[in-house]
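The values are calculated or read from the model by the stated rules, or taken from the named source; none is laboratory data. Here the structure is a predicted model, which means the values were calculated and not measured. Positions of Cβ are generated from backbone atoms using ideal geometry, with glycine treated the same way; all protein chains shown enter the neighbour counts.
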């Protein structure tokens, strides 16, 4: 059999496995509980004077009866504190502290919070109106200690669209495989029982504080996914900034591997193999004149992205461009992961 056909079949099997599981998940009623504990929304902010107002207003505008919003200005050098303080609301508290990083700002906010459930979001993000309620509903039993929501990306450049498509793909994976065993409750939209955070000593001070905190909480209970809790966030607009961000994330992931399906080493290595095939197979199909197989690959990638795009509220153009987007991400992450593996190995040598 033609090696290119075999390689293409492997790509189809990998992506098709998650696509089928995603479809199956759409017909399952995931567990919820109707309750309304007091919620504290913590927003750490560093030099976010231009964007923090939208984050605050989205938090204050939640369709939820009992909230407090706590903004922590982490030693900003701009007007973040003044902008945040200009909002007048009896449930808003704004504090300023010396710059110490996101995890320290979150822990400062935790000390000031009075809610039974602690929700985190970012100052460059805004929560959809139902986000808090959807997060809280997923605490369906006492064993559920944390809940993560869906992250989406604002912006219309190719890089921003690519990142939104990436996060939509992540949402697809989480529905398919992590609905009740989430690897990561993402910082822009995460909820934890206060007692769970206190049990682990607060948010973990790490370069990937959300992943490290999720992993620590899972030592004592479950962290689950709330697919209808959504936040929109800003992401890098340049390749250089994107590289620095993802390098930090990946090196942090390598240090904290474990704690869920998509954070296990076996999954990571298998995804790198598929990424390599994603990079080399489509160009080789064109070079060797296998235009029918190339068209099949293009159709398959578009089709498997179309349903989650429509169901999760994505943009149709992202699905139509997805073959290009998936090739970009495969190349990007393949280079990033090789860099990360070498960095770890050389450090240990």
- [ ] Go through the range 281-305 residue by residue and tally those that are free of Cβ contacts under 8 Å to residues at least 24 places away in the same chain and either part of a helix (DSSP H, G or I) or not assigned by TED's automatic domain parsing to the domain that holds residue 21 (or both).
- [x] 10
TODO: Within the range 52-66, track down each residue that is touching a helix residue (DSSP H, G or I) at 6+ places or on another chain (Cβ under 8 Å) and surrounded by fewer than 19 Cβ atoms within 10 Å (Cβ to Cβ).
DONE: 53, 63
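Picking from 123, 171, 176, which residue would you name as being surrounded by 17 or more Cβ atoms within 10 Å (Cβ to Cβ) and part of a loop (DSSP other than H, G, I, E, B)?
On the way: 171 fails: part of a loop (DSSP other than H, G, I, E, B); 176 fails: part of a loop (DSSP other than H, G, I, E, B).
Matching residue, one of 123, 171, 176: 123.
Which one is nearest to the chain's Cα centre (by Cα), of the residues in the range 52-67 that are more than 16 Å from residue 193 (Cα to Cα) and either in a loop (DSSP other than H, G, I, E, B) or free of Cβ contacts under 8 Å to residues at least 12 places away in the same chain (or both)? So that I can check it myself, show each step before the final result.
From the range 52-67, those more than 16 Å from residue 193 (Cα to Cα) are 52-65; that's our starting set.
From the residues that got through so far, the ones that are either in a loop (DSSP other than H, G, I, E, B) or free of Cβ contacts under 8 Å to residues at least 12 places away in the same chain (or both) too are 61-65.
Working: 61: 22, 62: 20, 63: 22, 64: 23, 65: 26 Å.
Selected residue: 62.
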Open item on the list: For the range 41-51, check the following and say yes or no: at least one residue is outside the structural domain of residue 307 (by TED's automatic domain parsing), in a helix (DSSP H, G or I) and surrounded by fewer than 22 Cβ atoms within 10 Å (Cβ to Cβ).
Closed with: no
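Please pick out the residue among 212, 229 that is modelled with pLDDT of 95 or more and not in a loop (DSSP other than H, G, I, E, B). Give the steps one after another, and end with the answer.
Working: 212 fails: modelled with pLDDT of 95 or more.
Checking each option against the conditions leaves just 229.
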